[in-house]
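Heads up: the structure comes next, in structure tokens.
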Amino acid sequence: MELHKNLSLALSGAALLSLFSFAGCNTAKERAQAPQNSTPNILIINIDDMGWRDVGFMGSEYYETPNLDQLAGQGIVFTNAYAAAANCAPSRACLISGQWTPRHGIYTVGSSERGKSKDRKLIPTPNTEYLDDEFLLIPEVLKKAGYTTCHAGKWHLSDDPLEKGFDVNIGGSHAGNPGSYYPPYRNVPSLKAPSEDYYLTDLVMDKTLDFLRTVEEEPFFLYYSPYAVHTPIQPVTDLLEKYENKTASNGQGNAAYATMVENLDRQVGRLIDLLESSGKLEHTFILFTSDNGGLYPISKQWPLRAGKGAYYEGGIREPMFAVWSGKIQAGRQSDLPVTNLDFFPTILEVAGVEKPETLNLDGESLLPVLIGEGTIPDRALFWHFPVYLEGGNQETQDPIFRTRPGSAIRLGDWKLIEYFENDDLELYHLKDDIGEENNLAIANPDKRDELHQLLIDWRVKIQAPVPSTPNADYQE
């Protein structure tokens, strides 16, 4: 209950801040420059590895994110928002395609045989590393509808975003991290630093603002997906002293990481300033989220359990909000369970674009919820991870793996996790046990069996692969 109290206070503060604009009132000249096209611009902000509590509007007392807090206060914040996967490549594939992981086959980064063979009891499902051309993506649909499309930052799903519906690509490739935020940017050679110490996150935003200045009459789709705040953890020097002298709070106290978070917030502030001063902000629909939970050794998401890579709440629950001037009432909060799979159908409805007949979407349009004119059907949320991911910690209760092959389902306040190695089941009531401390699988067999059957039926329906072949190298 204390968590929800703190969240409410944070959100109330953000809502109050939303009464003030980012850059003051627009001049008459600036307002006259606003696009006259009634088709809204679309902006997705998808941060890398930012955990559920890594921002002020979700209750962090260590990281400072005033621009994001203010922006969140101008719309609706979802406190039960999820990524469709617990690590970056599969989550991003789900968001941009609108489809569950078993449909596109991207389950992890690189090989599915992560960790030592002697520790893997089963032969995992082979992983797909590139998003196949058969999938119709958000930028492709919007480009066909007349949008100018831009990708900025981390792509990670193919070698070239320009082949996936984007008109402009700023630093995107198959790279999952930059290698260095200081020049030379090892994995982002397409971006050249203007000086020897120029931080990559700043440069990505410089180029993003350049793109926005070129857009005039036609609506734009901007997928702003910076490499930050993914590793390597490299401090932004002008912010470091402040955080080195700041008291840690609730598992958050890494000063170098904190500078990356605040600098990212600073770049979002620049983005919103330009949109506002050019008259574009009031015509722009904004969705903000992160691709997976925070990196556990760096930033705790307490009271959520574990972090990136795990299918406990700390690995999949994300900060999320939506803003749309004149359409979404400011200062709202929702505890409705939602997912980044909902982005694609929501964007289609917001843009007034009819869904192509061949397009299969696994999410729901959130537009009725956003504009306060309805809700979405009751539904279960599903996750499927038939592979291994090393890097365990005490909160996964696994010293080797962040997660082992398994599936998960959330329905209402209930969540079930199934692990395939030993057919283990874990059942949690999230409303009463947000930290997933009390496994109720034995105490509540009826609910356990109900959710387990729903999970099995879902896997059968979408033909999700379940690994069952023993690994001959496995050692107890």
(request) Being of a type outside the set (Ser, Thr, Tyr) and at pLDDT below 95 narrows it down to one of Glu436, Glu418, Glu476, Glu450, so name that one. (result) Glu476
(message) Among the residues that make up segment 441-452, is at least one of them closer than 25 Å to Gly115 by Cβ and either part of a strand (DSSP E or B) or not aromatic (Phe, Trp, Tyr) (or both)?
(response) no
(message) On the basis of being surrounded by 24 or more Cβ atoms within 10 Å (Cβ to Cβ), in a loop (DSSP other than H, G, I, E, B) and at pLDDT 95 or above, does Gly314 make the cut?
(response) no
(request) Answer yes or no: is there a residue in segment 155-173 that is of a type in the set (Lys, Arg), surrounded by 16 or more Cβ atoms within 10 Å (Cβ to Cβ) and either out of contact with any strand residue (DSSP E or B) (no Cβ under 6 Å at 6 or more places or on another chain) or within 30 Å of Glu476 (Cβ to Cβ) (or both). (result) yes
(request) Tell me, yes or no, whether segment 346-359 has at least one residue that is touching a Leu at 6+ places or on another chain (Cβ under 7 Å), open to solvent by 10 Å² or more (accessible area, probe 1.4 Å), within 30 Å of Leu239 (Cβ to Cβ) and not aliphatic (A, V, I, L, M). (result) no
(request) Return the residue satisfying two criteria in turn: it lies in segment 439-468 and is open to solvent by 80 Å² or more (accessible area, probe 1.4 Å) and of a type in the set (Val, Ile, Thr), and of such residues it is farthest from the chain's Cα centre (by Cα). (result) Ile442
(request) Looking at (1) within 25 Å of Gly293 (Cα to Cα); (2) without any contact (Cβ under 8 Å) to a residue 60 or more places away in the chain; (3) open to solvent by 50 Å² or more (accessible area, probe 1.4 Å), find the lone condition where Asp433 falls short. (result) (3)
(request) Being in contact with a helix residue (DSSP H, G or I) (Cβ under 6 Å, 6 or more places away or on another chain) and crowded, with 20+ Cβ neighbours inside 10 Å is the filter; apply it to segment 243-261 and report the residue that is farthest from Val229 (Cα to Cα). (result) Tyr243
(request) Report, by residue number, each residue of segment 352-385 that is under 21 Å from the mean Cα position of the chain (by Cα), small (Gly, Ala, Ser) and assigned to a loop (DSSP other than H, G, I, E, B). (result) Gly363, Ser365
(message) Out of everything in segment 264-299 that is under 16 Å from Phe57 (Cα atoms) and out of contact with any Gly (no Cβ under 8 Å at 6 or more places or on another chain), what residue ends up being most open to solvent (accessible area, probe 1.4 Å)?
(response) Arg266
(message) Can you tell me which of (1) aliphatic (A, V, I, L, M); (2) at positive phi; (3) open to solvent by 10 Å² or more (accessible area, probe 1.4 Å) is the one Ala306 doesn't meet?
(response) (3)
(message) Take residues that are open to solvent by 10 Å² or more (accessible area, probe 1.4 Å) and tell me which of the helices (runs of 4 or more DSSP H) falling wholly in segment 52-136 contain 2 or more.
(response) 66-72, 101-104
(message) For segment 155-179, which positions are within 13 Å of Ile96 (Cα to Cα) and assigned to a loop (DSSP other than H, G, I, E, B)?
(response) Trp155, His156, Leu157, Ser158, Gly165, Phe166
(request) Filter segment 361-398 down to residues that are of a type in the set (Ser, Thr, Tyr) and open to solvent by less than 40 Å² (accessible area, probe 1.4 Å) and give me whichever is modelled with the lowest pLDDT. (result) Thr396
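The values are calculated or read from the model by the stated rules, or taken from the named source; none is laboratory data. A quick note: this is a predicted structure, and the numbers were derived from the prediction, not measured. Counting neighbours? That spans all protein chains shown, and the Cβs are built from the backbone with ideal geometry, glycine included. Calculation scope for accessible area: heavy atoms of the full protein, side chains included, ligands and nucleic acids excluded. Shrake-Rupley method; radii C 1.70, N 1.55, O 1.52, S 1.80 Å.
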